[in-house]
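Structure record follows, encoded as structure tokens.
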Amino acid sequence: MKTRSFISYLSHALKSLVCLVLLCQFATNYVCAQSSQTTVIKAGKVIVGDGTTMNSASIIIEGDKISLIGATASIETPLGATVVDLPNHTVLPGLMDMHTHINSSDHDGGDMSVLREHGAHGAIYGVVNADKTLQAGFTTIRNAGALHYADVALRDLIDQGIVPGPRMYVAAASLGITGGHSDVNGWSHLIDIPGTGMVVDGAENLQKAVRTLVKFGADHIKIVATGGILSSGDAVDHPQYSDEELRAVVEEADRLGRKVIAHAHGAEGLKAAVRAGVASIEHGSLIDAEGIELMKEKGAFIVPTLLILDEIIEFGEEQGIPDYSIQKAIEMSGLRKKAMRKAYQEGVRFAFGTDASGNLHGRNAQEFKVMIETLGATPMQVIQNATSDAADLLGILDQAGTLEAGKWADIIAVPGNPLENITLLETVDFVMKAGQIYKHLDN
């Protein structure tokens, strides 16, 4: 009896031991799985994104979020975590470009590309340009117009992990008047040429257009409020939509939970768009004193896109940009510098944007130097324009724009200190988006 009891006891003990071993193995596997999703970045310097810095800091990333940031000396590295050691680098939030055309090549100024190319071309350009943009340290972009919903498709494929690229907030097609900046002008009326955006006139038609864009995936609505540089037959200082039409767009977008961004160079069209309630003015080149006060009152942003105008003047001819566009750029250049500097210095809110198209994709960070020179800004200010200010404009400041616990792990690193030399942001060595490393150059 005792022998049977012992054997029975031993049998139960062995079963318990097996269960315990299996449980320990499960726990070990679970801990390892958890640890494998933990990354620690040890940085020589951190620019937080809110105007502050830290020296010798560590950031712990769990999954796609930052879980802790603080002095390296006070943070213990979790067992099994991946460690990224960047003692000679400055770590920053992922940069944000608030005005791109990610699906565009624009080698001929854009107008005639609508006859030679279609949405499939835009989709392929977008895949190439998205990777260039992410590799350059821009982990978030706001796209300001694309045909055939190519930017919507690209955004979705990036979100699904099918192709690499930044987080994308997209407009799909811009809205413009007949004969305006989103139209193709100067050709025979016998030729039906599609616009470079969605050509829509009248408040009721614009309401329907907003609903259509939202239905097919637009995150925000772009409206063209004045003439532009690359379009034929219009003047940059002329308004292109009536007050009624502008209000119709903003009210309908607001009803559907979308912000409106407005292309505007000229002062009158800019002010009309701001009065209607747009979230941002794209370009803002000829803003006047009244416009400055109005934008401050409304809290609207300017997205300045400075570099591209200089490049149109310097390289436009070799890139196939029409003479009329180059002349528009030359005539506006001096006036723009005075107006934009005044707006910046007097407190209008600015967010970083490049109007990246053609070969500007991947060179987005060259805009920083031009902003400092044109606006009289400091390196810290322009970095904030591309991080926390941009996130605020997008409405995602609670999730991005600064390096804080609980926010997305969108993080980049550059060698040296960009507060001393802003061009260092053009040489990004490390890129992380949502906790995943996309670039890590060991120096």
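For region 396-413, indicate whether the set of residues that are under 27 Å from GLY122 (Cα atoms) and either part of a strand (DSSP E or B) or not aliphatic (A, V, I, L, M) (or both) is non-empty. Yes, that holds for at least one residue.
Could you check region 146-177 and list, in sequence order, the residues that are at pLDDT below 95 and either within 20 Å of the chain's Cα centre (by Cα) or assigned to a loop (DSSP other than H, G, I, E, B) (or both)?
Residues satisfying the conditions are ALA146, LEU147.
I'd like the full set of residues that are outside any helix (DSSP H, G or I) and among the acidic types (Asp, Glu), limited to region 219-263. Answer for region 219-263, where residues must be outside any helix (DSSP H, G or I) and among the acidic types (Asp, Glu): ASP219, ASP234, ASP237. GLY299 is checked against (1) closer than 29 Å to GLN366 by Cα; (2) surrounded by fewer than 16 Cβ atoms within 10 Å (Cβ to Cβ); (3) at pLDDT below 95 and fails just one. What number does that condition carry? Only one criterion is unmet by GLY299, namely (3). The residue that is farthest from GLU367 (Cα to Cα), among those in region 302-347 that are under 20 Å from the mean Cα position of the chain (by Cα) and outside any helix (DSSP H, G or I), is ILE302.
Look through GLU311, GLU290 and report the one residue that is in contact with a Leu (Cβ under 8 Å, 6 or more places away or on another chain) and either free of Cβ contacts under 8 Å to residues at least 60 places away in the same chain or of a type outside the set (A, V, I, L, M) (or both).
Working: GLU290 fails: in contact with a Leu (Cβ under 8 Å, 6 or more places away or on another chain).
One residue alone meets the criteria, GLU311.
Counting only residues that are touching a Gly at 6+ places or on another chain (Cβ under 9 Å), surrounded by fewer than 20 Cβ atoms within 10 Å (Cβ to Cβ) and assigned to a strand (DSSP E or B), region 45-63 holds 4 of them.
The residue pairs whose first member lies in region 153-174 and is in the same structural domain as ASN143 (by TED's automatic domain parsing), whose second member is of a type in the set (S, T, N, Q) and surrounded by fewer than 18 Cβ atoms within 10 Å (Cβ to Cβ), and whose beta carbons are closer than 6 Å, counting only pairs six or more residues apart or on different chains, do not exist in this structure. Residues in region 323-377 that are of a type in the set (Phe, Trp, Tyr) and touching a helix residue (DSSP H, G or I) at 6+ places or on another chain (Cβ under 6 Å): TYR344, PHE350, PHE352, PHE368. The residue that is modelled with the lowest pLDDT, among those in region 359-376 that are crowded, with 23+ Cβ neighbours inside 10 Å and under 25 Å from ALA123 (Cβ atoms), is LEU360.
The values are calculated or read from the model by the stated rules, or taken from the named source; none is laboratory data. It should be emphasised that the depicted structure is a prediction, and the values quoted were computed from it without experimental measurement. So basically every Cβ, Gly included, is an ideal-geometry build from the backbone, and we count neighbours across all protein chains shown.
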